[in-house]
Amino acid sequence: EKRRPELLKLFETDEYGRSPGRPKGMTFQVVSVDANALNGEAIRKEVLINFSGRKGGPQMRLLVYLPKNAQAPVPVFLGLNFGGNQTVAVDSGIPINPGWVSDGWGVVGHHATEESRGVNACRWQLHKIIARGYGLATAFYGDIEPDFNGGVSDGVRALYLRPGQSEPEGDGWGAIGAWAWGLSRAMDYLETDKDVNAHRVAVVGHSRLGKTALWAAAQDTRFALVISNDSGEGGAALSRRWLGETVRAINTHFPWWFCRNFSKFNNDVNALPVDQHELIA
């Protein structure tokens, strides 16, 4: 009741930035359902989450797989993906993401092609998850905000800029804050899905999305578990260790990930009032 809010405030002010709550106009639309996905093993749903509720506003495509013959609402792993939903499974029923994508296999001119289908399936182990009675929900992180400097104008953060603003204030949310916010919006939907046990949702992520999973779970107590892989600086690694990736290095190479206040500690990490063990706690 006392220390947790203090720590969250410090992380908001000096590292990840302040994030807004659930937008009032947000809508969910189940745009497709396949009751015989994965050769009859699973039910596949695609849910369009419109953050503003306005036509043409920012939206996220949430892909959900659930065991077909489950007798009760199932626990779910929720995580963002790097290349579009079509990369997580060799499933022709998943639409190719139409947005901006970082360079990678099956990407031409920053747009995903059919060759990207299933290229990251080994990272998600969908068949094993379904066989054990769990579900998987995932969305492309670029649907929330593209991962490049200046991407604020093309993502959800633009919805919250005041007239004349081109970027948030010094303690305003960075891209990691935006991606974490998107995970909470996916959780908003999962709470409405009668096939999902919303009390048993694990939020997962790798690398920069491992940082995102940690920040999402620290803020949103609805997540029952967080699995953060290889999250590094700004994730599970201590900032007060002057080796490997440092606060200065990450703010130099990826200044859009964190709030602008974080750069104040580039050359004086000991002045940072928190460290990452407190985020995990």
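The values are calculated or read from the model by the stated rules, or taken from the named source; none is laboratory data. Because the structure is predicted, anything quoted here is derived from the model rather than measured. Positions of Cβ are generated from backbone atoms using ideal geometry, with glycine treated the same way; all protein chains shown enter the neighbour counts. When the accessible area is computed, the model is the full protein with side chains, heavy atoms only, and any ligands, DNA or RNA have been set aside. Shrake-Rupley method; radii C 1.70, N 1.55, O 1.52, S 1.80 Å.
Of all the C-alpha pairs in the stretch 75-148, what % are more than 14 Å from each other? The answer is 57 percent, as a whole percent. A dipole drawn for the stretch 85-141 from +1 and -1 charges on Cβ atoms has a positive end, and of HIS127, GLY99, ASN85 the residue lying farthest that way is HIS127.
Model label sites at THR27 and TRP242, defined 7 Å from Cα along the beta-carbon direction, differ in position by 5.5 nm. Note: the chain, Cα convex hull, 135 Å³ per residue. For the stretch 22-149, the solvent-accessible area with a 1.4 angstrom probe is 47 square angstrom per residue. Counting charges near ALA216 (Lys, Arg +1; Asp, Glu -1) among other residues having Cβ under 12 Å from its Cβ returns a value of +2. Couplings 3J(HN,Hα) for the stretch 129-135, derived from phi with the Karplus relation 6.51 cos²θ - 1.76 cosθ + 1.60 (θ = phi - 60°), are 4, 5, 4, 8, x, 9, x Hz, where x marks Gly and Pro.
If contacts are Cα pairs under 8 angstrom and at least 6 residues apart, what is the relative contact order of the chain in percent?
20 percent.
For the stretch 140-181 versus the stretch 1-39, the inter-centroid distance based on Cα atoms is 14 Å.
In terms of packing, defined here as the mean over residues of other Cβ atoms within 10 angstrom, the peptides 21-32, 77-88, 234-245, 5-16 line up highest first as 77-88, 5-16, 234-245, 21-32.
Phi-derived couplings, Karplus 6.51 cos²θ - 1.76 cosθ + 1.60 at θ = phi - 60°, listed residue by residue for the stretch 4-19: 4, x, 5, 5, 4, 4, 5, 5, 5, 6, 10, 9, 9, x, 7, 10 Hz, with x used for Gly and Pro. If only the Cβ of Lys and Arg carry +1 and only the Cβ of Asp and Glu carry -1, the dipole of the stretch 1-86 around its Cα centre is close to 340 debye. For the stretch 1-65, the average shadow cast by the Cα convex hull is 7.3 nm², which is a quarter of the hull's surface.
Net charge dipole, the stretch 41-185: roughly 620 debye, given to the nearest 20, about the Cα centre with Cβ charges of +1 for Lys and Arg and -1 for Asp and Glu. Per-atom-type breakdown for the chain gives carbon and sulfur 51% of the accessible area (1.4 Å probe, protein chains only).
This model, with +1 at the C-beta of Lys and Arg and -1 at the C-beta of Asp and Glu, gives the chain a dipole about its Cα centre of some 540 debye. Dividing the Cα radius of gyration of the stretch 137-281 by its Kirkwood radius returns 0.98 for Rg/Rh. Evaluated over the chain, the count of Lys pairs having alpha-carbon atoms less than 21 Å apart is 9 (only pairs 8 or more residues apart or interchain).
Here's the picture: charge each Lys and Arg Cβ at +1 and each Asp and Glu Cβ at -1 in the stretch 129-227, and of SER184, ALA198, TYR160 the one pushed furthest to the positive end of that dipole is ALA198.
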